[in-house]
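Trainee: Submitted below is the structure of interest, expressed as structure tokens.
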Amino acid sequence: LEIELALADLESVETKINRMQKAARMDKSLEDELGALTRAQANLAEGRPLYRATVSKDDLELLAPHFLLTTRRVLAVVNVAEDDLARIPEFEAIVRKELAPPGSASENQVEVLGMSVQLEAEAAQLEPKDRKEMLEALGLGEGALPRMVRSAYHLLGLRTYFTTGEKETRAWTFHAGAKAPECAGKIHSDLQRGFIRADVIAWDELLAIGSWNKAKDVGKIRVEGKDYEVVDGDTLEIRHNT
């Protein structure tokens, strides 16, 4: 499969290089992009997907508009035998090093998840209580499926913040790096336009304290402004103009 992806990208890159070489003679601003494509071509010609290659961050940015298959984020699932459950971290490390060599631009764009597919399939057939007991007895905690969902969510650059009140607590999805006003806009555009500040506390800290009012009483609620970059797991109370 990797070779097929690399060959598909190679065909695409070669076509783009042929077109860009002509345009670059007249437009020198294309030289950097052409160079990135040429370096990508060299890796792909050897059957090496770009996420395995040592591609600079600058080159990745230049290649981004070309939507190459092997510059995408990777979620690798490593299937292990029941007898090797204790070695899952070891296998994950080996595969991660292979897919994203240290120092490569893809180092933080690869997630590796080890599991026993057979055991997970057997557990999935059980009632929730029995499934939990089976997975815990095997030292597998909550099982692989929730971890796979979280890994995919993280790779897509998605994060979650919470709002809470007397009637309900809700989770809101945002893109990593978003600032408080943009996150407020996930609830309603009026909150983004009229944003003043956000009262913030991490969800686990709030849970440990017991309630928003108690957290406020002990000084654990902090005030953040428009430039605050919301963190995964933050609990927010948005202050805004009406």
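Trainee: How many percent of DSSP beta bridges within the chain run antiparallel, rounded to 5? Numbers along the way, then the final one.
Mentor: Values: 18 of 25 bridges.
Expressed as a percentage, antiparallel bridges in the chain total about 70.
Trainee: Treating only the Cβ atoms of Lys and Arg (+1) and Asp and Glu (-1) as charged, compute the dipole magnitude of the chain about its Cα centre; round to the nearest 20 debye.
Mentor: That gives the chain a dipole magnitude of about 980 debye.
Trainee: Report, in debye and to the nearest 20, how large the dipole of the range 2-71 comes out about its Cα centre when Lys and Arg carry +1 and Asp and Glu carry -1 on their Cβ.
Mentor: Result for the range 2-71 is approximately 180 debye, rounded to the nearest 20.
Trainee: Between the range 81-135 and the range 170-216, how far is it from one alpha carbon centroid to the other, in angstrom?
Mentor: One Cα centre to the other: 32 Å.
Trainee: Do any GluC sites (Glu not before Pro) in the range 129-228 lie in a loop, going by DSSP, with at most 13 other beta-carbon atoms within 10 Å of their beta carbon, and if so which?
Mentor: Answer by residue number: Glu142, Glu166, Glu168.
Trainee: Work out the count of Lys pairs in the range 158-240 where the Cα-Cα distance is under 20 Å, with the pair 8 or more places apart or on different chains.
Mentor: Close lysine pairs under the 20 Å cut-off: 5.
Trainee: Can you classify the range 158-240 as rounded, prolate or oblate using the Cα gyration tensor, where a ≥ b ≥ c are the square roots of its eigenvalues, rounded means a/c under 1.5, and otherwise it's prolate if a/b beats b/c and oblate if not?
Mentor: Details: a/c = 1.62, a/b = 1.48, b/c = 1.10.
The shape class here is prolate.
Trainee: Once you have the Kirkwood Rh of the chain from its Cα pairs, apply Stokes-Einstein at 4 °C and 1.567 mPa s and quote D in µm²/s.
Mentor: Here the translational diffusion coefficient equals 60 µm²/s.
Trainee: Sorted from fewest to most neighbouring beta carbons within 10 Å, what does the list Thr164, Thr242, Thr38 look like?
Mentor: Thr242, Thr38, Thr164
Trainee: Kirkwood hydrodynamic radius, computed over distinct alpha-carbon pairs, for the range 1-67: how many Å, to one decimal?
Mentor: 12.0 Å
Trainee: Using a/c under 1.5 as the rounded threshold, could you call the range 101-165 rounded, prolate or oblate? The axes a ≥ b ≥ c are square roots of the C-alpha gyration tensor eigenvalues, and prolate needs a/b larger than b/c, oblate otherwise.
Mentor: On the way: a/c = 3.13, a/b = 1.41, b/c = 2.22.
Cα axes put the range 101-165 in the oblate bin.
Just so you know, all these numbers are worked out from the coordinates, no wet-lab data involved. Since we're looking at a predicted model, the values are computed, not measured. As a convention, Cβ positions derive from the backbone with ideal geometry for all residues, glycine included, and neighbour counts pool all protein chains shown.
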